[in-house]
1. Among the listed residues T129, T50, which satisfies the condition of being within 24 Å of P193 (Cβ to Cβ), at pLDDT 95 or above and among the polar types (S, T, N, Q)?
2. Would you please name the residue that is surrounded by the most Cβ atoms within 10 Å (Cβ to Cβ), looking only at residues in region 98-127 that are among the charged types (D, E, K, R) and within 14 Å of T251 (Cβ to Cβ)?
3. For residues that are crowded, with 19+ Cβ neighbours inside 10 Å and over 14 Å from the mean Cα position of the chain (by Cα), scanning just region 185-205, find the one that is nearest to V171 (Cα to Cα).
4. Would you point out which residue out of P235, P169, P173, P198 is touching a Gly at 6+ places or on another chain (Cβ under 7 Å), closer than 25 Å to W124 by Cα and not hydrophobic (A, V, I, L, M, F, W, C)?
5. Look through R227, R215 and report the one residue that is among the charged types (D, E, K, R), surrounded by fewer than 16 Cβ atoms within 10 Å (Cβ to Cβ) and touching a residue at least 40 places away in the same chain (Cβ under 8 Å).
6. For region 126-177, how many residues meet the condition of being among the acidic types (D, E) and either farther than 30 Å from S75 by Cβ or touching a Cys at 6+ places or on another chain (Cβ under 9 Å) (or both)?
7. Assigned by TED's automatic domain parsing to the domain that holds K170, at pLDDT 50 or above and surrounded by 10 or more Cβ atoms within 10 Å (Cβ to Cβ): does that describe L12?
8. Name the strands (runs of 3 or more DSSP E) wholly within region 141-197 that hold at least 2 residues that are touching a residue at least 40 places away in the same chain (Cβ under 8 Å) and closer than 27 Å to P89 by Cα?
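The values are calculated or read from the model by the stated rules, or taken from the named source; none is laboratory data. Source: prediction; values computed, not measured. Positions of Cβ are generated from backbone atoms using ideal geometry, with glycine treated the same way; all protein chains shown enter the neighbour counts.
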Amino acid sequence: MSFARVRRIVALLLAVALLSLVFAACSSSDEDEGEDNSNDSGVAAGPKYTPTGNEGQITGTIALNGPAPAPAPISMDADAACAQNNPNPHTETVVAKDGKLANVLIYIKDGKTADGKTITTMSWDVPATEVVLDQHGCHYIPHVLGVMAGQKLKITNTDPTTHNIHPLPKVNPEWNESQSPGSEAKIKTFGRPEVVVPVKCNQHPWMKAFIGVMRSPLYAVSAEDGRFTITGVPPGTYTVAALHELYGEKTMQVTVGAKEAKTQDFSFDAAKPASAMLEPFGGAIRIEPALDVPMPMKH
């Protein structure tokens, strides 16, 4: 065999080996891109907040000025089980009584602690307790709830009919799963802070809920009497936001001293719904991340 032919064979073998290495690298990259990072917060961990015993609280009432819009009746004739278990169903867009507004999400949006730390760059322990979202009477209960990013959300179905849970997040992975009556609870988490995530049921289009996925435990949802309490607030000055699906957002600056119980009320005008509408439910909470999170780029 001539020397030139041997050289050509060696060059061919080297080329094949190089191509094999390239394909192996590409395959490894594709596998990395396919990993499920749904539980990754995507937010750089800031300084961990450790309670000092000097924490205060923010308490208040959400008022609705003017006559509340009448809840619209819902026809559940398409599902006999729904109609039988909820004979007088109505929408929950505005739940108000005696001039007080329920289902308002209140949370510390921004600000600094008394020692100069920015509240949105701090990290917090995620509660071990589960937050429960039930499907009962062919409604989501509660209609509005909060959960910390990474905290377990327990979804139950206490209805005698099948439901379909379909969150519509912007920065968290979307999912869509059915849940039959009597089946095991579904345990889910949202890895990234997002205010707010709407939830619908593909089986029953009138069903909706809103989940505030929060970066800290400094939030609350107003009760039927309009009252709320945010506990464990470090001393400092903050922007506190109140969000409602129809009336939008109100903000107030609140300063909380050591061990202080600060009162801060909010009010919405019943005749003035917000102009920015939330799709697909027709409410007014803007779907925005609680913190701008850079998303990984595909290549």
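1. The match here is T129.
2. K109
3. C201
4. Result: P235 is the single residue among P235, P169, P173, P198 that is touching a Gly at 6+ places or on another chain (Cβ under 7 Å), closer than 25 Å to W124 by Cα and not hydrophobic (A, V, I, L, M, F, W, C).
5. Sole residue among the options that is among the charged types (D, E, K, R), surrounded by fewer than 16 Cβ atoms within 10 Å (Cβ to Cβ) and touching a residue at least 40 places away in the same chain (Cβ under 8 Å): R227.
6. Residues flagged as among the acidic types (D, E) and either farther than 30 Å from S75 by Cβ or touching a Cys at 6+ places or on another chain (Cβ under 9 Å) (or both) within region 126-177 amount to 2.
7. no
8. Ranges flagged: 144-148, 163-167.
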